[in-house]
Amino acid sequence: MIGILAAISGVILMSRMNSGQPQGAQNYEFDAISACVVGGTSLMGGSGKLSGTFIGCCIIAILNNILNLKGISTYWQMVIRGLIIVGAVIVDYKTKELIQKS
C-alpha cells in the first residue's frame with residue numbers, strides 16, 4: 001500500500017515540476033513528520049489516525065502558505081516548524097503522563 005501511495009505522490013510531484021527530478025522532494029520528509037505529529041501521531045510509540053494526519057497536513061500547508069506570503073526566509077520557516085513539532089511532542093508527553101497517573 002505504501003508503495004502505491006509513494007508512486008501516486010511521485011506522479012503528482014512530477015506533474016507539478018513538468019519533469020522527473022530525483023531531488024525534487026528533498027526535505028519533504030520534515031513536512032510529513034510535522035503533519036503527522038501535529039495531527040496527533042505520537043513520536044513515543046502508538047498509532048495515529050488518518051483523519052488526524054489529514055488535518056495535520058492541512059495545518060502545515062496553511063502554515064507554509066502563510067509563511068511564504070509573509071516573505072519569511074526558508075531558514076526561519078524551518079525553525080518555526082521545528083518549534084511546532086517540539087510543542088506537539090511536549091503536549092503529547094504531558095497527555096500521556098496525565099493518562100498514566102489516572
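Restricting attention to the range 43-102, which residues are among the aliphatic types (A, V, I, L, M) and loosely packed, with under 10 Cβ neighbours inside 10 Å?
Within the range 43-102, MET44, LEU50, LEU69, LEU98, ILE99 meet the criteria.
Could you say which residue among ILE55, ILE90, ILE62, ILE84 is among the hydrophobic types (A, V, I, L, M, F, W, C), closer than 19 Å to GLU29 by Cα and without any contact (Cβ under 8 Å) to a residue 12 or more places away in the chain?
Selected residue: ILE62, the only one of ILE55, ILE90, ILE62, ILE84 that is among the hydrophobic types (A, V, I, L, M, F, W, C), closer than 19 Å to GLU29 by Cα and without any contact (Cβ under 8 Å) to a residue 12 or more places away in the chain.
What number of residues within the range 38-70 are in a helix (DSSP H, G or I) and of a type in the set (S, T, N, Q)?
First, pick out the residues of the range 38-70 that are in a helix (DSSP H, G or I): 38, 50-69.
Then drop every residue that is not of a type in the set (S, T, N, Q), which leaves 51, 53, 64-65, 68.
Residues flagged as in a helix (DSSP H, G or I) and of a type in the set (S, T, N, Q) within the range 38-70 amount to 5.
Taking the condition assigned to a helix (DSSP H, G or I), more than 23 Å from ASP92 (Cβ to Cβ) and touching a residue at least 12 places away in the same chain (Cβ under 8 Å), does LEU5 pass? Walk me through how you get there before you give the answer.
Values: assigned to a helix (DSSP H, G or I): yes; more than 23 Å from ASP92 (Cβ to Cβ): yes; touching a residue at least 12 places away in the same chain (Cβ under 8 Å): no.
Criteria not met by LEU5.
Can you name every residue in the range 16-30 that is aliphatic (A, V, I, L, M) and within 14 Å of the chain's Cα centre (by Cα)?
ALA25, the sole residue that qualifies.
Within the range 10-25, can you find the residues that are surrounded by 13 or more Cβ atoms within 10 Å (Cβ to Cβ) and farther than 21 Å from GLN77 by Cβ?
Listed by number, the residues that qualify are GLY10, MET14.
If you go through the range 26-37, how many residues are in a loop (DSSP other than H, G, I, E, B) and surrounded by 16 or more Cβ atoms within 10 Å (Cβ to Cβ)?
Adding up the residues that qualify gives 0.
Read the figures in this text as sums done on the coordinates, not as results from a lab. Predicted, not measured: the structure shown is a model, and the values here were computed from it. Note that we place each Cβ from the backbone using ideal geometry, even for glycine, and neighbour counts take in every protein chain shown.
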